[in-house]
Amino acid sequence: WNLFLAFVPFVISSFMEDNPGWVKNKWRFALLFAGWVLFIPNSFYIITDLFHLGIPNVPLWFDLALLLSFAWNGLLLGILSVRQIERIIQSLWPRMHEFFFLFPIMCLNALGMYIGRYLRFNSWDVISNPFELVGDISYLVLHPLASKPAWAMISCYAVLMTFIYLTIKKISRTIS
């Protein structure tokens, strides 16, 4: 299920890349971009499934290989999707430095990972449970000192995902 959800933002970003007319229309772009922002954390969230390592009656090596394969595929789907959106943003605002797009997106991804892993919300809770979701996020924002462990995790993963993204982007330029 998580791998399917990781695929959704890639489908959205691929559609946007293949249909520039949708991107040129600011309302269509805003709608697709909002949907993408809502689902992109799912791609990176899969790396937190490593917490489930150690299923009873399953060899640890097999469990690790299985979880890593899902996490790797989710991570790659997320990186490819972020790259597609980054190119679209660059075409719309060519003077904007990549970091002003990338780091906020990775912060939102990390926040989404925290919300999913620890607060146990899903992407569809934006529609099915918006008040509780907004309440819990508001608490994090309004009470940062009471939420230090949450912000530590969010900050750590935002930086980690930014480094992973930039590393793979640099490697892909070197190989090309």
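The values are calculated or read from the model by the stated rules, or taken from the named source; none is laboratory data. Every value quoted in this text rests on a predicted model; they were computed, and no experiment measured them. Using ideal geometry, Cβ is built from the backbone for each residue, glycine included, and neighbour counts are taken over all protein chains shown. Note: areas computed on protein heavy atoms with side chains; ligands, DNA, RNA excluded. Shrake-Rupley method; radii C 1.70, N 1.55, O 1.52, S 1.80 Å.
Yes or no, residue by residue, for (1) within 25 Å of F100 (Cα to Cα); (2) of a type in the set (S, T, Y); (3) within 19 Å of the chain's Cα centre (by Cα); (4) modelled with pLDDT under 95:
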{"residue": "N122", "(1), (2), (3), (4)": "no, no, yes, yes"}
{"residue": "F131", "(1), (2), (3), (4)": "no, no, no, no"}
{"residue": "S147", "(1), (2), (3), (4)": "no, yes, no, no"}
{"residue": "A152", "(1), (2), (3), (4)": "yes, no, yes, no"}
{"residue": "S155", "(1), (2), (3), (4)": "yes, yes, yes, no"}
{"residue": "T167", "(1), (2), (3), (4)": "yes, yes, yes, no"}
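If you check S172, S123, S91, which single one turns out to be open to solvent by less than 70 Å² (accessible area, probe 1.4 Å), at negative phi, in contact (Cβ under 8 Å) with a residue 12 or more places away in the chain and polar (S, T, N, Q)?
From the options S172, S123, S91, the qualifying one is S123.
Looking for something free of Cβ contacts under 8 Å to residues at least 60 places away in the same chain and within 25 Å of K24 (Cβ to Cβ) - is there at least one such residue anywhere in region 52-59? No; the residues of region 52-59 include none that is free of Cβ contacts under 8 Å to residues at least 60 places away in the same chain and within 25 Å of K24 (Cβ to Cβ).
Please state which one of I89, I47 is touching a Leu at 6+ places or on another chain (Cβ under 7 Å), of a type in the set (V, I, T), closer than 23 Å to I12 by Cα and in a helix (DSSP H, G or I). Give the steps one after another, and end with the answer.
Values: I89 fails: touching a Leu at 6+ places or on another chain (Cβ under 7 Å).
The match here is I47.
Any residue that is in a helix (DSSP H, G or I) and exposed (fewer than 14 other Cβ atoms within 10 Å of the Cβ) - is there at least one of those in region 72-81? Yes, there is a match, as at least one residue in region 72-81 is in a helix (DSSP H, G or I) and exposed (fewer than 14 other Cβ atoms within 10 Å of the Cβ). With respect to being outside any helix (DSSP H, G or I), at negative phi and not acidic (D, E), I40 falls outside the description. If you go through region 137-160 and keep only what is assigned to a helix (DSSP H, G or I), within 19 Å of F121 (Cβ to Cβ), touching a helix residue (DSSP H, G or I) at 6+ places or on another chain (Cβ under 8 Å) and not aromatic (F, W, Y), you end up with I137, L140, A150, M153, I154, A158. Out of all the residues in region 40-63, which are in contact with a Gly (Cβ under 9 Å, 6 or more places away or on another chain) and surrounded by 11 or more Cβ atoms within 10 Å (Cβ to Cβ)? Within region 40-63, I40, P41, N42, S43, F44, Y45, I46, I47, T48, D49, D63 qualify. Within region 95-114, residues that are open to solvent by 40 Å² or more (accessible area, probe 1.4 Å) sit with their Cβ atoms under 8 Å from residues that are of a type in the set (A, V, I, L, M, F, W, C), at 6+ positions apart or across chains, in these pairs: M96/I89; F103/A158; C107/I154; C107/A158; L108/V37; L108/I40.
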